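Q: Here it is, the structure, as C-alpha cells.
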Amino acid sequence: MNESSDATWPGPLHGIRVLDFTRVLAGPAASLALADLGAEVLKIEPPGNGDETRDFPPIRDGESHYFLSVNRGKKSIVIDLKSEAGLALARDLAAKCDVVVENYRPGVMDRLGLGYRTLSADNPGLIYCAISGYGQTGPLRDRPSFDIVLQAMSGALSVNGEPGQPPTKLGIPLGDLVGGINGPIAILAALHERNATGRGRYIDISLMDGLVGMLGYIAQLAFFTGEDPKPQGSQHPNLVPYGAFPAKDGSIIVACLTNSFWGKICKALGCPENAADPRYDTIHKRREARAEVNAIVSAVTVTKTVDELVDLFTAHEVPHAPILGVREALAQPQTQAREMVVEVEHRRLGRIPIVNRPIRFDERQPVPAAPPVLGQDTDAILRELLGLSDERIAELRAGGAVA
C-alpha cells in the first residue's frame, strides 16, 4: 500500500469546476472521473442523510463503504433544494462552474428551476450533462431504472451465465457504471468544443444506450445470424479454447485468440501435434469441435495445480490467469506496482485504503483526497466561491437552506 507522494501536479482538468447534483452510482461515477482528472467537484447533498448511499450497509463509524467507493476527491456542500434560498445558492454556484452533472429523472431539474436553459442563460459556456436510465426521449424516459433492470432491457443479461441455466447479472454494476464512462467522454469533448466556440452544450446520457453500445460484436453476431446469442459462461461464442478450465485445486482461465496461441497451448500441454491436426488447425474448425478441444485442454489442466499451470503457461506465453478473489486482486504485485491501492486520511475514519484513479500520466499526480463527510466543505465553498460572510452563512443555516 502506497503513501501520498510529494507531487503537486493536480491533473489536466485543474481549473475546471463541476457542480455535482448526482447521487447513488451512475452520476457519482461520472463526476468521480472528472475529479480524478483534476477538476474541482462540488457535490451538492440534501440536508439530513445526504446522498442516499451514505446509508447503504455495511457502515463503519457512520460512513458507508458504498459512498466511499465513488466520491474520492470531491467536496461536499449541503443545500436544501426544496427551499427558495437553497435554489438561489445552487443557481449562484452554477454561474461560477464550467460543468453541471445531474442524474435525476428527466424533467426534475427543469421543475426545480435548475435545468439547462435556466442555468445557461446566466452562464452561456456551461456544459450540462444529464444522466438517466433511458435518456431524455423515448417511451421509457420516465420509468425508474436500476442496474439489473438496464442489464435486462439492453440484452446484456441474456448472454451472461452458464449455458442452459437462468441468466445471471454481471457482478460489476456495469449498467450504472457505463454512465461514468460515457458522461465524462462527452463532457471532455464539449470542453474542447467550448475552447473554440465559447458556448456550452447540453449532453443527454442514457445508461441503456450505453449498455446497448457495449454489446459490440454480440449485437453484430445477432445481425449476422438472425438469432439471439446464448449464454456461454466464461467461454467465448466463437473462440475455442477460451474460458475456465479445471485444475487440481480450482480453475484457471485460458484464452486462445489466434492460431499462434493455439500452437503455444498445445506445446505447453505436451501435445504439440494437435496444433497442426486438420480437425483443429483453424478458428472455425475449433469452434465446431468445441467439446473435443475443451476436453483436450481439460485432460491436462485437471492433473496440475493452478500454480503449476500459471508457471507452465507463463513459460509458453499462453494468455492465462488464475481466478483471484477481490482481496487477492487488490494485493497482487501488479496492482501494487501500479499504485492502484493507496491510503488517505479520512476526517472521521482516519487512515483508510481506497482504490486509486485508473488513469495515469507521465507526471505523477498526488493521491486523491478522501471522500468527504456530509457537508464537510459547505462553509468554505459559500465563503470562498460566493463571497458570503459568516453572518450570512449562519442566517442560511438557521433558515434551513444549508446545513
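Quick note: the coordinates plus some simple rules give every number you see, no bench work behind them. In this text, all values refer to a predicted model and were calculated from it rather than measured experimentally. FYI the Cβ positions are ideal-geometry reconstructions off the backbone, even for glycines, and counts take in every protein chain you see.
Q: What is the distance in Å between the Cα centroid of segment 90-105 and that of segment 265-334?
A: 51 Å
Q: Roughly how many debye, to the nearest 20, is the charge dipole of segment 156-232 about its Cα centre, given +1 on each Lys and Arg Cβ, -1 on each Asp and Glu Cβ, and no other charges?
A: Magnitude of the dipole: close to 300 debye.
Q: About its Cα centre, what dipole magnitude does segment 246-378 give when the only charges are +1 on Lys and Arg Cβ and -1 on Asp and Glu Cβ, stated in debye to the nearest 20?
A: 280 debye
Q: Next question, about the same structure. At a Förster radius of 56 Å, what calculated FRET efficiency corresponds to the Cβ-Cβ distance of residue 61 and residue 277, to the nearest 0.05?
A: Given R0 = 56 Å and the Cβ-Cβ separation, E is 0.35.
Q: If you don't mind, another one. Multiply the residue gap between residue 118 and residue 217 by 0.36 nm, knock off their C-alpha separation, and tell me the result in nm, one decimal place.
A: Taking 0.36 nm per residue and subtracting the Cα distance, the gain is 31.5 nm.
Q: While we're looking at this one, here's another question. Which of the GluC sites (Glu not before Pro) across segment 292-351 are loop residues per DSSP, with 13 or fewer other Cβ within 10 Å?
A: Answer in residue order: 317.
Q: Take the Cα of residue 255, step 7 Å along the line toward its Cβ, and report every residue of segment 162-201 whose backbone nitrogen sits under 20 Å from that point.
A: Inside the label zone: 162-163, 170-175, 178.
Q: Kindly put 132, 64, 234 in sequence by how many other C-beta atoms sit within 10 Å of each C-beta, fewest to most. Mind dumping the intermediate values first?
A: Working: 132 27, 64 19, 234 14.
Ordered by Cβ neighbours within 10 Å, fewest first: 234, 64, 132.
Q: Still on this structure, please answer the following. Say each of residue 339 and residue 137 gets a label point 7 Å from the Cα, pointing the same way as Cα to Cβ; how far apart are those two points in nm?
A: 4.5 nm
Q: While we're on this one: Given +1 on the Cβ of Lys and Arg, -1 on the Cβ of Asp and Glu, and no further charges, what dipole in debye does the chain carry about its Cα centre, rounded to the nearest 20?
A: On the way: 41 positive and 49 negative charges, 107 e Å.
Magnitude of the dipole: close to 520 debye.
Q: Continuing with this model, one more query. Amide H of residue 304 versus every other amide H placed in the peptide plane: which residues, excluding those fewer than 5 positions away on the same chain, fall under 5 Å?
A: 248
Q: Scan the chain and report its longest stretch carrying no chymotrypsin sites (Phe, Trp or Tyr not before Pro) that are both in a DSSP loop and have at most 16 other Cβ atoms within 10 Å.
A: The segment 147-360 is the longest one with no such site.
Q: So what is the calculated 222 nm ellipticity per residue for the chain, using -39500 (n - 2.57) for each DSSP H run with n of 4 or more, over all residues, to the nearest 500 deg cm²/dmol?
A: It comes out at -10500 deg cm²/dmol, rounded to the nearest 500.
Q: For residue 202 and residue 308, calculate 0.36 nm times their separation in residues minus their Cα-Cα distance, and state this gained length in nm to one decimal.
A: Taking residue 202 through residue 308 to full extension adds about 32.7 nm, to one decimal.
Q: State the answer as a single residue: which of 25, 86, 354 lies farthest towards the positive end of the charge dipole of the chain, with beta carbon charges of +1 for Lys and Arg and -1 for Asp and Glu, about the Cα centre.
A: Projecting each Cα onto the dipole axis, the largest value belongs to 25.
Q: I would also like to ask the following. Nearest 0.05, what FRET efficiency do residue 349 and residue 326 give at R0 = 25 Å with Cβ-Cβ as r?
A: Working: r = 20 Å, r/R0 = 0.79.
Once rounded, the FRET efficiency stands at 0.80.
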